[in-house]
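Report on the structure given below.
The values are calculated or read from the model by the stated rules, or taken from the named source; none is laboratory data. Predicted, not measured: the structure shown is a model, and the values here were computed from it. Note that each Cβ is placed from the backbone with ideal geometry, even for glycine, and that neighbours are counted across all protein chains shown. These area figures cover heavy atoms from the full protein model, side chains too; ligands, DNA and RNA do not enter into them. Shrake-Rupley method; radii C 1.70, N 1.55, O 1.52, S 1.80 Å.
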Amino acid sequence: MSDFIPVNEPLLNGNEKKYLNECIDTGWISSEGPFIKKFEESVSKQVNRQYGIAVSNGSVALDAAVLALGIGKGDEVIMPTFTIISCAAAIVRAGALPVLVDADPYTWNMDVNQIESKITKRTKAIMVVHIYGLPVDMDPVLRIAQKHGLQIIEDAAEMHGQLYKGKPCGSFGDISTFSFYPNKHITTGEGGMILTNEEGIAEKCRSLRNLCFKPGRRFVHEELGFNFRMTNLQAALGLAQLERLDDFVAKKRKMGALYHSLLEDAEGIQLPLKATEFADNIYWVYGIVLEKEIAFDAEEAMKRLSKLGVGSRPFFYPMHQQPVFAKMGLFKNEQYPVSEKIAERGFYVPSGLAITEQQIKVVSEKLKEVLTA
Ligand SMILES: *Cc1c(COP(=O)(O)O)cnc(C)c1O
């Protein structure tokens, strides 16, 4: 059998080593160091935002974002049920209540038509999460937010380099977040960033990131913060990665197009949309949903793929079905049929930046083998 094809492998063959060596040669390895500011400025510029605050990962970026907007006890935040736990966790930890909406069956993004009916007197914000490669339809969300005086938190972790109607994802929220985990388009190993145009919010995030040290008198604290700092080493890696964003995006789109041409004639699977009216897919991951005529679920498909040497991962598991939230008494008796279906029948195949055409061909063949077995 040929080598196992991993679900993700990053590409680190640009200036990564050079910049990391600079950190070591100069001794700047902590969160004090010149690459942090450079990286923050480069990402903000790329996303067309005034301020960037680098943090240690994309999950804590969401924690800080929720707190920086002053969301807390008694507040509600509308968000998709089909997403990563980090989104709901940030809201719950702040003492607020996540209010869920279902996914669109084709883009897998939050169904924006369900937002307005979920608004109450307590609603403070909408947390938008762009899922897997296509942006959420932002215009209706912006309209609803304006009409009801709501803030927008935009989780753009999977969207480096993606545009919505020509504007960068991550430029729409009152506050936006990114992740630089190795399966994202740009990686720092672990890392994240918060972006905003409002100086006050940026200042609050910087303070939360650094234990809320009081300016002027270190070790005195008016509020409790965190150590969410990113290191100079991570920022060095990120800067080298960002230099290649255009190439990375092109590579992802090429990967998506090749998968598409190899799989479009396969029976019984739903493929990602190539585009919507507002964006071309960037294929953060190449997702597959098994249709009714396939007699097994995603778990079984992934098991069979693994035996054939192909890595894969399940789709997200909906927030309203999470045991941890059930224990807290949240989302009792709530049902979101689209999210439940795609969570059970969806998975994604190897789609990292280092994937080769040959590997894509092998994955597609093995997948077809699994489907027809
Ligand atoms: C990856 C991801 C996160 C979390 O980022 P980490 O850096 O892994 O903590 C948050 N939101 C979305 C949508 C993600 O894909």
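Using a Gaussian network model of the chain in which every pair of alpha carbons under 10 angstrom is joined by a spring, one finds that among 282, 91, 144 the greatest mean-square fluctuation is at 144. Spin-label model, residue 373 to residue 106: label points 7 Å out along the Cα-to-beta-carbon direction sit 3.2 nm apart.
Based on Cα contacts under 8 Å between residues 6+ apart, the range 80-172 shows a relative contact order of 23 percent.
Of all the accessible heavy-atom surface of the range 1-113, with the other protein chains kept in place and a 1.4 Å probe, what percent is carbon and sulfur?
Details: 2640 of 5130 Å².
Reported share for carbon and sulfur atoms: 51 percent.
Under a Gaussian network description of the chain, with springs only between Cα atoms under 10 Å, the residue in 73, 147, 204 that fluctuates furthest is 147.
Using a Gaussian network model of the chain in which every pair of alpha carbons under 10 angstrom is joined by a spring, one finds that among 222, 22, 158 the greatest mean-square fluctuation is at 222. Surface exposure of the chain, expressed per residue as accessible area with a 1.4 Å probe, stands at 45 Å². Cross-link partners for residue 121 among the aspartates and glutamates, with Cα-Cα distance under 14 Å and sequence neighbours closer than 8 places in the same chain left out: 75, 76. In summary, the aspartates and glutamates within cross-link reach of residue 251, defined as a Cα separation below 20 angstrom excluding same-chain residues under 8 places away, comprise 9, 16, 158, 243, 264, 280, 357. Share of the range 245-372's accessible area from carbon and sulfur, percent, 1.4 Å? Reported share for carbon and sulfur atoms: 48 percent. Note on the range 282-354 and the range 10-85: Cα centroid distance 27 Å, given to the nearest whole angstrom. Pairs from the table (184/332; 274/327; 37/147; 184/341; 37/254) lying more than 30 angstrom apart at Cα are 184/332; 274/327; 37/147; 37/254. Once you reduce the range 94-110 and the range 212-260 to the center of their Cα atoms, the two points are 25 Å from each other.
Convex hull over the alpha-carbon atoms of the range 330-373: what's its volume per residue in Å³? Walk me through the intermediate numbers first.
Working: hull volume 4.7 nm³, N = 44.
Expressed per residue, the convex hull around the Cα atoms of the range 330-373 is 106 Å³.
Our summary gives the range 22-92 a relative contact order of 24 percent, counting only alpha carbon pairs under 8 angstrom and 6 or more residues apart. Each Cα pair under 8 Å and six or more residues apart adds its separation to the average, and for the range 245-372 the resulting relative contact order is 33 percent.
Label separation (residue 297 vs residue 332): 2.5 nm, computed from points 7 Å beyond Cα along the C-beta direction.
Taking the DSSP beta bridges with both ends in the range 16-242, the antiparallel portion is around 50 percent.
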